[in-house]
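The values are calculated or read from the model by the stated rules, or taken from the named source; none is laboratory data. Remember, it's a predicted structure, so these values are computed and weren't measured experimentally. Ideal geometry is used to build each Cβ from the backbone, glycine not excepted, and the neighbour counts take in all protein chains shown. Areas reflect the complete protein model, heavy atoms only, side chains present, ligands, DNA and RNA absent. Shrake-Rupley method; radii C 1.70, N 1.55, O 1.52, S 1.80 Å.
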Amino acid sequence: MATHVHYDVVVAGGGTAGCVLAGRLSEDPSRRVCLVEAGPDYGALREGRWPADILDGRWLALDSHCWESNDEEDRSQLRARILGGCSAHNACVLLRGADADYDEWGPGWTAADLAPYLERAEKTFATRLLRRDELSPFIAAFADAGGDDTIIHPVNLTEDGIRWTAAFAWVDPARGRDNLTIQADTLVDRMLLEGSRAVGVSTSAGEIRADTVVLTASAYGSPAILLRSGITELPVGENLADHVGTGLAWEPTAALRRDWDEWTRDHALSMGGVTVRIDDLFLFPAVDPGYELSSAVFAMKPRSRGCVSLTSADPRAPLAIDHGFLSDEADVEVLTAGFERLREVGTSLSHYAGRETRPGEDVDAETHVRATARGFFHPTGTCAIGAVVDERGRVYGYENLVVADASIMPTIPRANTNLTTAAIAEKIAEMI
Ligand SMILES: Cc1cc2nc3c(=O)[nH]c(=O)nc-3n(C[C@H](O)[C@H](O)[C@H](O)COP(=O)(O)OP(=O)(O)OC[C@H]3O[C@@H](n4cnc5c(N)ncnc54)[C@H](O)[C@@H]3O)c2cc1C
């Protein structure tokens with residue numbers, strides 16, 4: 001690792017997309033690359049310095065290395081501040097969207113265009129399919145109840161339970177390169193602009209000059225940097241989309257307690273493992289430590305949109321994030337129907353799922369949906385292709401300024417978003 005005064009490319013934000021860009025761009029030894037990340041970098045995995053909760057991919061590390069939020073009650077805003085970004089604390093599910101999801105993104109981004117990059121991202125994430133014998137009794141029963149609609153998860157989780165983050169997958173192989181600098185614990189404030197040309201970034205550690213600036217600070221962080229840079233003539237921060245859903249819990253039966261105790265004697269428990277996909281809905285079970293059986297349903301093609309804006313010009317200030325969940329009534333209808341499907345699944349699992357404890361049988365589906373709708377941690381769309389950036393990720397009206405993360409998805413795919421984000425970054429890396 002080396003430090004240069006001037007770089008060819010500065011990559012702002014070291015999450016999923018930033019790690020991909022840093023790894024790929026530094027493959028060319030003549031290109032000097034600087035990756036700037038607000039959170040810590042614990043070094044190569046083999047150095048043994050990564051915190052245990054980040055390494056343990058069987059559980060979400062929800063309270064670890066998070067950004068401060070404008071509304072601590074709103075869990076939907078949760079996001080990681082660490083090298084690897086949200087891939088460092090997420091659920092390790094790697095699913096592709098439907099072809100139609102990508103086909104609507106326009107020229108250059110159809111399913112056929114994206115396929116080689118999805119494949120490359122799957123390979124680099126060391127994706128493997130969970131084995132049936134890794135599913136705990138309740139998860140396996142839920143999978144059976146879903147029949148042909150069940151997807152056993154492809155995951156970026158090693159056999160021994162390590163979350164294979166984007167930092168391990170893309171940055172670790174590049175750490176020895178002289179042309180790559182990783183500048184952690186450094187907050188990017190805004191771009192340095194000379195007229196319409198980006199010439200670097202201003203950060204908490206001073207100015208970093210570069211010929212090309214690539215923003216990979218997420219669907220929350222990238223629009224924030226553009227807005228702080230005074231780019232207000234484009235719809236930056238608008239079109240925020242996340243999947244919207246709600247949960248349900250049951251009391252475990254005596255049969256489940258018995259089977260669970262037996263299973264955990266020689267298996268490691270993990271939070272999930274399967275999704276049941278019915279039309280545009282995802283239904284899935286979750287295990288919480290202790291004896292709660294929970295599950296959730298998400299509308300995967302929501303129509304509601306929200307926005308990200310600044311609360312202050314100070315880059316340390318939390319952002320104003322309004323997801324706009326259920327602002328389109330069509331989403332209420334879809335999710336209410338989905339919640340009723342989830343209740344039916346519970347009925348078919350009566351061997352394991354006893355009395356409904358959350359919200360309780362006396363609460364009707366629509367009331368529950370309206371009261372508890374939340375996000376899936378999949379923010380997208382705030383610097384969308386066709387609105388803020390062109391089909392090469394270049395911000396309209398600016399030179400040498402590219403966005404290459406989840407924010408450029410014009411519409412949200414019907415899948416968890418990590419794999420698609422990595423594929424986007426792989427594709428844009430080739431165009432820089
Ligand atoms: C709890 C949780 C669980 C999830 N589970 C899954 C899952 O199982 N499967 C799946 O496909 N997806 C999942 N996701 C979503 C997935 O992780 C994201 O879609 C993906 O990480 C987005 O990548 P990104 O590069 O756009 O943003 P991020 O990964 O969020 O990376 C952005 C990076 O930029 C940094 N940054 C932001 N602002 C600045 C700044 N001003 N200066 C410097 N650095 C900055 C951040 O610290 C962060 O490291 C989950 C997300 C969360 C939060």
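Here are the numbers for the structure shown:
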item: Residue match in the range 362-369 (condition: within 16 Å of the ligand (Cβ to nearest atom) and modelled with pLDDT of 95 or more); result: no
item: Failed item, numbered, when Thr16 is tested on (1) polar (S, T, N, Q); (2) exposed (fewer than 15 other Cβ atoms within 10 Å of the Cβ); (3) at pLDDT 95 or above; result: (2)
item: Residues of the range 324-338 satisfying the condition of being hydroxyl-bearing (Ser, Thr, Tyr) and in a loop (DSSP other than H, G, I, E, B); result: Ser327
item: Members of the range 36-54 that are assigned to a loop (DSSP other than H, G, I, E, B) and within 14 Å of the ligand (Cβ to nearest atom); result: Glu37, Ala38, Gly39, Pro40, Asp41, Tyr42
item: Sole residue being under 20 Å from the mean Cα position of the chain (by Cα) and surrounded by fewer than 21 Cβ atoms within 10 Å (Cβ to Cβ), chosen from Gly195, Gly237, Gly247; result: Gly247
item: From the options Asn416, Asn400, residue that is within 21 Å of Val155 (Cβ to Cβ), in the same structural domain as Ser76 (by TED's automatic domain parsing) and either touching a Ser or Thr at 6+ places or on another chain (Cβ under 8 Å) or not aliphatic (A, V, I, L, M) (or both); result: Asn416
item: Members of the range 38-79 that are farther than 22 Å from Gly273 by Cβ, charged (D, E, K, R) and buried (at least 17 other Cβ atoms within 10 Å of the Cβ); result: Asp41, Arg79
item: Test: residue in the range 279-286 that is closer than 25 Å to Val334 by Cβ, touching a residue at least 60 places away in the same chain (Cβ under 8 Å), open to solvent by less than 20 Å² (accessible area, probe 1.4 Å) and touching an Asp or Glu at 6+ places or on another chain (Cβ under 6 Å); result: no
item: Checklist (1) at pLDDT 95 or above; (2) more than 30 Å from Leu310 (Cβ to Cβ) applied to Ala2, failing item; result: (1)
item: Members of the range 339-357 found to be among the polar types (S, T, N, Q), in contact (Cβ under 8 Å) with a residue 40 or more places away in the chain and assigned to a helix (DSSP H, G or I), listed by number; result: Ser348
item: Qualifying residue in the range 381-404 (condition: near the ligand (Cβ under 8 Å from one of its atoms) and either at pLDDT 95 or above or under 19 Å from the mean Cα position of the chain (by Cα) (or both)); result: no
item: Residues of the range 414-432 classified as more than 10 Å from the ligand (Cβ to nearest atom) and in a loop (DSSP other than H, G, I, E, B), total; result: 2
item: Only one of Gly23, Gly57, Gly15 that is near the ligand (Cβ under 8 Å from one of its atoms) and either under 20 Å from the mean Cα position of the chain (by Cα) or of a type in the set (Val, Ile, Thr) (or both); result: Gly15
item: Lone unmet requirement of (1) open to solvent by 20 Å² or more (accessible area, probe 1.4 Å); (2) on the phi < 0 side of the Ramachandran plot for Thr382; result: (1)
item: Residue list for the range 138-166, restricted to those being in a strand (DSSP E or B) and open to solvent by 40 Å² or more (accessible area, probe 1.4 Å); result: Ile152, Ile162
item: Residue identified as within 14 Å of the ligand (Cβ to nearest atom) and either over 18 Å from the mean Cα position of the chain (by Cα) or among the basic types (Lys, Arg) (or both) among Leu118, Leu94, Leu135, Leu130; result: Leu130
item: Qualifying residue in the range 80-102 (condition: without any contact (Cβ under 8 Å) to a residue 40 or more places away in the chain, assigned to a strand (DSSP E or B) and more than 19 Å from Pro413 (Cα to Cα)); result: no
item: Residue satisfying all of: in the range 353-379; aliphatic (A, V, I, L, M) and open to solvent by 10 Å² or more (accessible area, probe 1.4 Å); farthest from Asp74 (Cα to Cα) among these; result: Val363
item: The listed residue being assigned to a loop (DSSP other than H, G, I, E, B), open to solvent by 10 Å² or more (accessible area, probe 1.4 Å) and among the acidic types (Asp, Glu), out of Asp178, Asp189, Asp172; result: Asp178
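Quick grid of which residues meet (1) under 30 Å from Ala299 (Cβ atoms); (2) within 11 Å of the ligand (Cβ to nearest atom); (3) out of contact with any strand residue (DSSP E or B) (no Cβ under 6 Å at 6 or more places or on another chain):
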residue	(1), (2), (3)
Thr212	no, no, no
Thr246	yes, no, yes
Arg265	no, no, yes
Gly272	yes, yes, no
